[in-house]
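Notes follow the structure.
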Amino acid sequence: MKSALLQNYSRYPVEFVEGKGSKLYDKNGKEYLDFLSGIAVTGFGHQHNEISKAANEQLHKLWHVSNLFESTPQEELAAKLTTSTGMDSVFFCNSGTEANEAAIKFARKWGGDRNTIIATNGSFHGRTMGSLSATGQSTLWNGFTPMLPGFTFVDFNNLEQIKSSIDENTCAIMVEPIQGESGVIVPDENYLIGLRNICDDNNLLLILDEVQTGIGRTGNLFAHQYFNIIPDILTSAKGLANGLPLGATICSEKVSNVIKPGDHGSTFGGNPIAVAAANKVIDLLSVQQLKLIKNSGKQIIELISNIDNSLILSTRGKGLMIGVEFEKPIAKTIAKALLNKGLIVGNSGDMVLRLLPPFIITNEDIQYFVKIFTFVLEKVSFSSGSSDIVNIN
Ligand SMILES: Cc1ncc(COP(=O)(O)O)c(C=O)c1O
């Protein structure tokens, strides 16, 4: 039967109907180990007791009121986000792309006559027109041009190019601390500190898109906290409410000061149920939990690095945001083969496999993943074509 869904995704022919912890179950009852977390979303796994309880309590109290009225749960979450980042105020929306749209608008308002934002090649900031215009992947623009004016692109991890791109119209620099969709590209240790200094020296805003790297994913609440810097605008979404739609644009005081009632808004942004879940998510990201994320990530990278298979070029990442780069374009085929064997992973193009497991994975889950991954790689080394590989037994 022809699907009535718009065909804007290429979907795997698998339907999950239930999740529990790090496991997902398809409609035939087959169990899968989730090493993707809905693309860095369900950090605390599926049906987490405390998060479900918080959302469920709110579900039975109040679903929605307009942002024209006060909200204690929003105030609480905003206070947690500003206190833990040293920032000033929060705008709530529903997704990563919306958080970045707000960031772009706020930067333009702050910039006044200066309205150009420097962004990076290979970046991903979302699919709506503003965020897409900031996204440095022209293949994603095809068919949708013209992009919004006011964006200049430089290479990621190149401070010199940024310096030479600044002109009298520049108001901000916008980057991901680790490029996620482009294949888990980790910049040099001095990159974010260098960006902070460039922004300070030139009176520019530093906008960090932590939609993917934030909320514990890299082993800190936010990835930039490894470098002791504070951005001027910080965007968050994905893991914030562990699967309920919620985005946040966190502002420093100088940005907060230029935004006035009526400048921006959202009907659904900061929905009470999503906010109740997020308040619990932030509480659960204790120092101990973050340490566990760092350790599990190190363990996975070490175990994969020790696999003796020449198909692997490099294994990189921070915390539980990991990319495995291959020496030939087999990432999609490997992801499909792993899915057949009950392991869910992602890929960035054909060269990089992406691992974004939930924070609650056990040592046993990790050992199991590495065992199956090693087995699949061995089979691939000896197979003749991609259909053999996908159907490995
Ligand atoms: C860094 C980054 N920014 C923005 C987005 C867009 O988020 P959303 O899909 O919630 O709009 C993503 C999604 O992958 C992302 O990885």
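The values are calculated or read from the model by the stated rules, or taken from the named source; none is laboratory data. If you're wondering where the values come from, they're calculated on a predicted model, not measured in any experiment. In this analysis, Cβ positions are derived from the backbone assuming ideal geometry, glycine residues included, and neighbour counts consider all displayed protein chains.
General observations
A quick yes/no check of all residues on (1) under 22 Å from residue 332 (Cβ atoms); (2) without any contact (Cβ under 8 Å) to a residue 12 or more places away in the chain:
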{"position": "4", "(1), (2)": "no, yes"}
{"position": "13", "(1), (2)": "yes, yes"}
{"position": "17", "(1), (2)": "no, yes"}
{"position": "22", "(1), (2)": "no, no"}
{"position": "25", "(1), (2)": "no, yes"}
{"position": "31", "(1), (2)": "no, no"}
{"position": "35", "(1), (2)": "yes, no"}
{"position": "41", "(1), (2)": "yes, no"}
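- Residues satisfying the stated conditions in the range 203-214, i.e. in contact (Cβ under 8 Å) with a residue 24 or more places away in the chain and either away from the ligand (no atom under 15 Å from the Cβ) or within 23 Å of residue 267 (Cβ to Cβ) (or both): 204, 205, 206, 211
Here is a yes/no grid of residues against (1) within 16 Å of the ligand (Cβ to nearest atom); (2) in a loop (DSSP other than H, G, I, E, B); (3) in contact with a strand residue (DSSP E or B) (Cβ under 8 Å, 6 or more places away or on another chain):
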residue	(1), (2), (3)
183	yes, yes, yes
193	no, no, no
198	no, no, yes
201	no, no, no
216	yes, yes, no
225	no, no, no
230	no, yes, no
248	yes, no, yes
258	no, yes, no
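- Being within 16 Å of the ligand (Cβ to nearest atom) and either of a type in the set (Phe, Trp, Tyr) or under 25 Å from the mean Cα position of the chain (by Cα) (or both) is a property that holds for residue 39.
- Across the range 232-246, the number of residues qualifying as surrounded by fewer than 24 Cβ atoms within 10 Å (Cβ to Cβ) and part of a strand (DSSP E or B) comes to 1.
- Evaluated against (1) surrounded by fewer than 24 Cβ atoms within 10 Å (Cβ to Cβ); (2) in a strand (DSSP E or B), residue 173 falls short on exactly one condition, (1).
- Residues of the range 289-320 satisfying the condition of being touching a strand residue (DSSP E or B) at 6+ places or on another chain (Cβ under 8 Å), part of a strand (DSSP E or B) and buried (at least 21 other Cβ atoms within 10 Å of the Cβ): 317
- Flag for residue 220 being buried (at least 18 other Cβ atoms within 10 Å of the Cβ) and either outside any loop (DSSP other than H, G, I, E, B) or at pLDDT 95 or above (or both): yes
- Failed item in (1) under 30 Å from residue 336 (Cβ atoms); (2) out of contact with any Gly (no Cβ under 9 Å at 6 or more places or on another chain), with residue 44 passing the rest: (2)
- Hey, residue 17 modelled with pLDDT of 95 or more, assigned to a loop (DSSP other than H, G, I, E, B) and on the phi < 0 side of the Ramachandran plot or not: no
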